[in-house]
Amino acid sequence: MQFRLPEEKDEEALKEYVQEHYDNGEQGISASMGLPVMEYADWLTKIRSNADSGTPEWGRSIVFVCLEGDRIIGLLSVRYELPKDLSDSIGDVGYGVRPSERRKGYATKMLEYALSVCKEKGMKKVILGCYKDNIASGATIRKCGGILIAENENYQEGKVSQYYAIEV
């Protein structure tokens, strides 16, 4: 699996990626940082700015396209300078795998890569969140060393979100 920053040439492939989620009945696209609702050029500018300088409110982050060959398998967001309140409420890492490629081990590879980036950025602990009913994501996080933060559950979009901590 390869990980790289999004490029201009990825526009059509990312549109297909988003459409596959919609065709699967999913409205939220994990780790997309607003891709579905932005002009592609504006989204690229935002992604590059977030990686270069970030913002005082959100810190810095990197979004990777995750590829197997030429096919985009997923998106990965590493938010390595989030303020603590945002780390606790949205998590330092987000990832999503296209519906047709799930249950093939890609999420684990993506999270392992994210954790290596977090370590490289000097992070000691990473917070990840997922919906309580997303059994696969919870299993992936636990497989990569995640420990459930029992007191940190909240409701988002009518669903219960759970949070895990991973020491890196």
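Results, tabulated for the structure shown:
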read-out	value
Zone residues, the range 1-31, relative to residue 67, backbone N less than 13 Å from point 7 Å out along Cα-to-Cβ	1-14
Among 34, 122, 94: highest mean-square fluctuation, GNM of the chain, C-alpha pairs under 10 Å	122
Coil-residue GluC sites (Glu not before Pro) of the range 80-168, DSSP, other Cβ within 10 Å capped at 13	151, 153, 157
Normalised alpha carbon radius of gyration of the chain [divisor 2.2 N^0.38 Å]	0.97
Too-long pairs where the Cα-Cα distance tops 32 Å, listed order kept, from 9/159; 9/84; 124/159	9/159; 9/84
Separation of the residue 159 and residue 41 label points, Cα + 7 Å toward Cβ, nm	3.4
Net length gained if the chain between residue 16 and residue 52 were fully extended (0.36 nm per residue, minus Cα distance)	10.2 nm
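Taken together, the values in this text are just the output of simple stated rules run on the coordinates, not laboratory data. Everything numeric in this text was worked out from a predicted model, so none of it was measured. Neighbour counts run over all protein chains shown; Cβ positions are idealised from the backbone, glycine included.
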